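Every number in this text was worked out from the coordinates using simple rules, so none of it is lab data. Computed from a prediction, not measured in an experiment: that's the story for all the values here. Note that each Cβ is placed from the backbone with ideal geometry, even for glycine, and that neighbours are counted across all protein chains shown.
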Amino acid sequence: MTKIFNKKALKLLLRIGISLCFILFFFHNTDSFDIGKALMQTNHSVLLIGIFIYLAGQLISAYKWRILAKLGGFNISLAKYAEYYYIGMFFNLFLPTTVGGDVVKSYYLSKTDSNSRKAPAIY
């Protein structure tokens, strides 16, 4: 018997499905016209500077997380830490808890470890 989907593909489809549900929920419960109108009336240079500062702050936070994780024996690239950090931010927006994103980041960090150490990743 052949498998139609392997485990990795099924997880990817599940993540895409959950993300689409969140996005559809967001667009269903907001007035897109009002958001577009507000964006057109805003000072775009200030908006871009604000977005840049926010993203730079998140990258700095990912760098600090990398320093802490190195103490726990984890050694992956800064790009991976930033990727996991942004994934965690996404979950922080939608999970009804303040630590949901941290749990997700810890999960991804433990998956990069050859021994799948969960406790050091959580610490």
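A few notes on this one:
- For the range 43-123: relative contact order, % (alpha-carbon pairs under 8 angstrom, 6 or more apart): 22
- Estimated FRET transfer efficiency (I35, N92; beta-carbon r; R0 22 Å; 0.05): 0.55
- Cα-based shape type of the chain, given that a ≥ b ≥ c are square roots of the gyration tensor eigenvalues and the cut on a/c is 1.5: oblate
- Cβ-placed point charges (K, R +1; D, E -1), dipole of the range 1-41 about Cα centre in debye, nearest 20: 520
- Packing-based ranking, highest mean first, of 74-82, 17-25, 36-44, 104-112 given that Cβ atoms within 10 Å are counted: 104-112, 74-82, 17-25, 36-44
- Over the chain, DSSP H runs of length four or greater, each weighted -39,500 (n - 2.57), average out per residue to a 222 nm ellipticity of -25500 deg cm²/dmol.
- Between helix 7-28 and the chain there is an angle of about 20 degrees, using the helix long axis and the longest principal axis of the Cα atoms.
- Degrees between helix 32-41 axis and first principal axis of the chain (Cα, 0 to 90, nearest 10): 70
- Dipole magnitude of the chain about its Cα centre (Cβ charges: Lys, Arg +1; Asp, Glu -1), debye to nearest 20: 700
- Positive-end extreme of charge dipole, the chain - chosen from S110, L14, L24 (charges on Cβ): S110
- Packing-based ranking, highest mean first, of 97-103, 49-55 given that Cβ atoms within 10 Å are counted: 97-103, 49-55
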